[in-house]
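Following: one structure in structure tokens, then a few remarks.
The values are calculated or read from the model by the stated rules, or taken from the named source; none is laboratory data. Note that this is a predicted model, so its numbers are computed, not measured. Using ideal geometry, Cβ is built from the backbone for each residue, glycine included, and neighbour counts are taken over all protein chains shown. Keep in mind that these areas ignore ligands, DNA and RNA; they rest on the heavy atoms of the full protein, side chains included. Shrake-Rupley method; radii C 1.70, N 1.55, O 1.52, S 1.80 Å.
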Amino acid sequence: MPATHIRRWKTLALTTSAVLVGLTLPTMTATPASATTTAYDSTYYKNAVGKTGSSLKSSLHTIISSQTKISYSAVWNALMVTDQDPNNSNNVILLYSGTSRAKSLNGGDVGDWNREHVWAKSHGDFGEVTGPGTDLHHLRPADVQVNSIRGNKDFDNGGSTVSGGGGSLTDSDSFEPRDADKGDVARMILYMAVRYDGGDGFADLEPDEKVNNGSAPFMGKLSVLKEWNDEDPPSAFEEKRNQVIYDSYQHNRNPFIDHPEWVDAIW
């Protein structure tokens, strides 16, 4: 049964400060996500509802760590279902570019789509191992060349236009997805930080305020990811994807799709 969301997005209030030389307009920031309710609050999330900070993070870790793991080869077929184009069942929608591309064009050649690890697998050195390397909650189909340009860069604002990237930008040490994917990326990264905390033989993944994290088990930039979560709330496509993963594959959920306000409650 799909989760039912009730979202009330707060109005951004602008204030001004009078000074002797005139008025100064403060910097605008993203409006925090308002509280949501879902069909899973009294069941799946019952031990997390009402908590904040480290207590909420710990409870969510326990909840979402109960999952069915799939192999890396099985990811191909799974993505053909989780990311199917709602308007063309023969295609998938590609992350970053938003392009609809034939499912049959999966591979490593120019014009193909491949399996993008949104939490770059080198950040924590988990590779393609069953677990973080195969977790569908951060694996998405992406154009081969756009995926290569993103590489293992951290996420931040700014840069030059990515060819074929649908409006995505990049510079030497960071990648900025197109606006329609910013919230998706933020919620995938923060899911990984909650799910993989070092207790099951994998690295303790955490967001930080840096770029150029390299092989360290960190991914930046947290402040930017929080803004993206607020600016780009979960779409119907993202919510359906979460449901398909829960129902048909891993049987766990990305809590930040169901409750985007939990991002600010934890970080």
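Charges at C-beta only: +1 for Lys and Arg, -1 for Asp and Glu. How large is the resulting dipole of the chain about its Cα centre, in Debye rounded to 20? Could you put the intermediate results ahead of the total?
On the way: 24 positive and 34 negative charges, 114 e Å.
For this selection, approximately 540 debye.
Among ASN152, ASN242, PRO217, whose Cα projects farthest towards the positive end of the dipole of the chain, with charges put on the beta-carbon of Lys, Arg (+1) and Asp, Glu (-1)?
Value: ASN242.
In square angstrom, rounded to the nearest 10, how much accessible surface does SER215 have for a 1.4 Å probe?
90 Å²
Normalised by the residues of the chain, what does the relative contact order come to in percent, with Cα pairs under 8 Å and at least six apart? Spell out each step's value before the answer.
Numbers: 519 pairs, mean separation 56.7, N = 267.
It comes to 21 percent, rounded to a whole number.
Listed here are the pairs LYS210/LYS240; LYS103/LYS226; LYS57/LYS103; LYS57/LYS210; LYS46/LYS153; LYS121/LYS226; which of them are more than 29 Å apart at the Cα? Walk me through the numbers before you get to the answer.
Working: LYS210/LYS240 32 Å; LYS103/LYS226 32 Å; LYS57/LYS103 36 Å; LYS57/LYS210 21 Å; LYS46/LYS153 36 Å; LYS121/LYS226 21 Å.
With Cα atoms farther than 29 Å apart: LYS210/LYS240; LYS103/LYS226; LYS57/LYS103; LYS46/LYS153.
Match the structure shown to one of the listed values (1) 162; (2) 107; (3) 144 of volume of the Cα convex hull per residue in Å³, computed from it, and give that label.
(3)
For a test of the definition: using alpha carbon positions, the gyration tensor, and the 1.5 limit on a/c, classify segment 163-213 as rounded, prolate or oblate.
Working: a/c = 3.09, a/b = 1.89, b/c = 1.63.
Prolate is the answer for segment 163-213, as a/c is 1.5 or above and a/b outweighs b/c.
Suppose all protein chains stay in the model; what accessible area per residue would a 1.4 Å probe give for segment 145-219, in Å²? It would help to have the intermediate numbers written out before the result.
On the way: 2780 Å² over 75 residues.
Per-residue value: 37 Å².
What is the percent carbon and sulfur in the accessible area of the chain, measuring with a 1.4 Å probe over the protein chains and ignoring ligands? Intermediate results must be reported in sequence, preceding the final value.
Details: 6020 of 11640 Å².
It is 52 percent, rounded to a whole number.
Could you work out the helix-only [θ] at 222 nm for the chain, with each DSSP H run of four or more residues adding -39,500 (n - 2.57) and the total divided by the number of residues, to the nearest 500 deg cm²/dmol?
Values: 8 runs with 75 residues, N = 267.
Estimated from H runs of four or more residues: -8000 deg cm²/dmol.
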